1. When residues of segment A:1-21 are filtered for being at the interface with chain B (Cβ under 7 Å from one of its Cβ atoms) and within 19 Å of B:H197 (Cβ to Cβ), how many remain?
2. Say we look at segment A:293-302 and pick out the residues that are more than 8 Å from chain B (Cβ to nearest Cβ) and in contact with a helix residue (DSSP H, G or I) (Cβ under 7 Å, 6 or more places away or on another chain); which of these is farthest from A:R41 (Cα to Cα)?
3. Could you tell me which of the residues B:A208, B:A219 is in contact with a helix residue (DSSP H, G or I) (Cβ under 7 Å, 6 or more places away or on another chain) and either crowded, with 16+ Cβ neighbours inside 10 Å or assigned by TED's automatic domain parsing to the domain that holds B:T279 (or both)?
4. Given the criterion within 19 Å of B:R398 (Cβ to Cβ), more than 14 Å from the chain's Cα centre (by Cα), open to solvent by less than 10 Å² (accessible area, probe 1.4 Å) and not polar (S, T, N, Q), identify the matching residue among B:L120, B:L181, B:L108.
5. Assuming A:E354 fulfils every condition listed in (1) in contact with a strand residue (DSSP E or B) (Cβ under 6 Å, 6 or more places away or on another chain); (2) of a type outside the set (A, V, I, L, M, F, W, C); (3) farther than 30 Å from B:D204 by Cα apart from one, which condition is it?
6. Out of B:A145, B:A165, B:A176, B:A170, report the one residue that is facing another protein chain (nearest Cβ under 9 Å) and modelled with pLDDT of 95 or more.
7. Whether any residue in segment A:379-389 is free of Cβ contacts under 8 Å to residues at least 12 places away in the same chain, over 22 Å from A:G44 (Cα atoms) and either more than 20 Å from the chain's Cα centre (by Cα) or surrounded by fewer than 17 Cβ atoms within 10 Å (Cβ to Cβ) (or both) is what I want to check.
8. Has segment A:324-344 got any residue that is loosely packed, with under 15 Cβ neighbours inside 10 Å, more than 14 Å from chain B (Cβ to nearest Cβ) and β-branched (V, I, T)?
Number of protein chains: 2
Amino acid sequence: MSSALLTDHYELTMLQAALRDGVASRRATFEVFARHLPEGRRYGVVAGTGRLLDALRDFRFGERELAFLRENRVVDEPTLEFLSGYRFSGDVYGYREGDCYFPGSPILTVEGTFAEAVLLETVVLSILNHDCAIAAAASRMVHAAGPRPIIEMGSRRTHEMAAVAAARTAYLCGFASSSNLMAGHLYGVPTAGTAAHAFTLLHDSEKAAFRAQIDSLGAGTTLLVDTYDVAEAVRTGVELAGPDLGAVRLDSGDLAEVAYAVRAQLDELGAHKTRIIVTSDLDEYTIAALAAAPVDGYGVGTSLVTGSGAPTAALVYKLVARQDEEGVMRPVAKRSVGKPSRGGRKHAFRRLDESGTADAELVTVSGERPAGSRPLQVELVRGGEIVGGEPLEAARERHRLAVAELPATARQLARGYEAVPTVFDE
Amino acid sequence: MSSALLTDHYELTMLQAALRDGVASRRATFEVFARHLPEGRRYGVVAGTGRLLDALRDFRFGERELAFLRENRVVDEPTLEFLSGYRFSGDVYGYREGDCYFPGSPILTVEGTFAEAVLLETVVLSILNHDCAIAAAASRMVHAAGPRPIIEMGSRRTHEMAAVAAARTAYLCGFASSSNLMAGHLYGVPTAGTAAHAFTLLHDSEKAAFRAQIDSLGAGTTLLVDTYDVAEAVRTGVELAGPDLGAVRLDSGDLAEVAYAVRAQLDELGAHKTRIIVTSDLDEYTIAALAAAPVDGYGVGTSLVTGSGAPTAALVYKLVARQDEEGVMRPVAKRSVGKPSRGGRKHAFRRLDESGTADAELVTVSGERPAGSRPLQVELVRGGEIVGGEPLEAARERHRLAVAELPATARQLARGYEAVPTVFDE
């Protein structure tokens, strides 16, 4: 499918006006950055870069797209002519997927003609604003869960395709697996699942349901034990599967209290290795609150796919430099009240102290690499060719390292401020 | 694209276990309902039905889907065999798109074998939970705006495909148009747009930018006037376009204050018909707060696509009845703590008082139509065949009437309770 119409109407009408007066071919630099992090978060997480490169590859105006634009008189014929030959031929630099960011971090830089670069604004922001919002929440949940695995299972709580992106993002941030099969198919995310109450209710008894599940999926399966009476269900499960029963899932009640009771019962029945998985509207705070309880894994749904209170990341795509009438690149910035922007193409570095801990986000126009810092942008697209693709596993490992590199305060769950300051050199 | 993998892993493993022990072919009834409305809302809005019927049509396990499931050992060969021939052959009833709902309203009823109906859970909930969440917010914004039109422009703040669904939903609820071109292409939503700050910044002067826009798009265009100095921009705009300038857009500052000043200035310049469009993180409350200001239209982005604080609708898909071993349909319900469900296939009616105002949501197992009520469910799918498709315009008109039918308290913006009670006959 072409991604070209995942675009705001005004990008095309601006293009039309710019083509007509000749400025469309001016070289331009757009930057993606956030003026602030999601409220109370201490770091942002770059996510969506891989999806963005896919969307860029598929950004073509084919016959159907052009016919729609013509029939609805969105733009004039010269503009349609331009669009029919549209291929992004510029350069894109960006933070690597999984790395952290802070207010003002230039997480993506798009360089090309105004015409080719302005058209990408909407789809670039859609992808990054969604995926970065999910990532900011996912990363905190992974930290709250410590060594215990989390299954992502929020597909049913968000748009069906957003669900796939959320599953990908959760895995990138350290979730163990996802329930979403499309995320397995498209991105290789490991998929997993337990059983629903409907499966138990379908059978004439809970025992019949458990027997069917164990017969078909093996003793290592996870039984959902709260459809009727938890203690009875646990007894039945161990009776049928023996002490090799894989896990039981708790989806209601005071999870800590129920987990203690179920752990004691399982141990008494000799099922010492049977794990306890808890679900039911968990978020990073309730995960953390269960740290002391005998829980072996978490399933997280709604709060993951909705960014745990911050469903969008507030990233913007701003023109920061463009050629003037003499062909010289000039920094530009609007002066709108309360929405500060800084002109000029920026470079970014994470400054590390002697121990290797991040202590500042350096954003410079000069581009010179300050001592004791690592560069944050890499080349993603060169002359229209995608050069920054990578396996999702690479981004997952990077994220682990990027969070570990931040000062300890970054990992506090309580609301607070950015873990490191952004320092501009202007 | 097949929608079949927009599905949770466990739907397929439950299917496998049910196929193996023979209960997969039991007739089953699933219902979609909400235990509560989004916090503080007084009515819910059914949205997504049209998209759901599209997804049902495309729910097929083709070669690629089956190869993925086989390679990843999600299910066994007999289950793959079943899936390769999967066609939903059951019946679906539901509230009509655009109608209102309340806690417990059976907004969708899926009847078929357990096997065929359980597989639809994830994609049904993804679509309805997303679209109903957007609709609940959109409907309130439309009421807050009164006769003034609202442009939906939130695409960049949400997942790129969720954006298309949000645009469709906003239009269904009474928005005038959307910036999202794909929503125009797929659903016939009218598209519209103004211009971005980048267009002004691209030019060597604001005047050059305005001239280019007017030359290309006509005097009826909307100029964005807050890139530098609003008063100067307004003066320049009217100077170039004359009193026929279509509109100016304000995107920053205290919008009411700026709107008064701009209105006075436009009138002084003789541009009495030039409209004032305001944007900048508007939601239903800030729209209402601008009711007295000289504003002619609103653009709404972030708050629309994120459901204005409630990005998901809490709808669930529950087994409420199924055949027992003797083939008799039996109501079923789980007893999980704090998550009440009612067994049995429900019917629903909106009771109206003498004046035609809704005063109760009647949910009955008997199915008998109470006097002075209108039935809420219609047939959407009969024996696997889609019979409930309709133009988006029909749902848009229905929504207008459905909100008008509610008591006045339903339209209050302040947080509160359901506008009418749900009455069960059990």
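1. The number of residues fulfilling the criteria is 10.
2. Top of the filtered list is A:P294.
3. B:A219
4. The unique qualifying residue is B:L108.
5. (1)
6. B:A165
7. yes
8. No, segment A:324-344 contains no residue that is loosely packed, with under 15 Cβ neighbours inside 10 Å, more than 14 Å from chain B (Cβ to nearest Cβ) and β-branched (V, I, T).
The values are calculated or read from the model by the stated rules, or taken from the named source; none is laboratory data. Source: prediction; values computed, not measured. Positions of Cβ are generated from backbone atoms using ideal geometry, with glycine treated the same way; all protein chains shown enter the neighbour counts. Just so you know, the surface numbers come from the protein's heavy atoms only, side chains and all, with ligands and any DNA or RNA stripped out. Shrake-Rupley method; radii C 1.70, N 1.55, O 1.52, S 1.80 Å.
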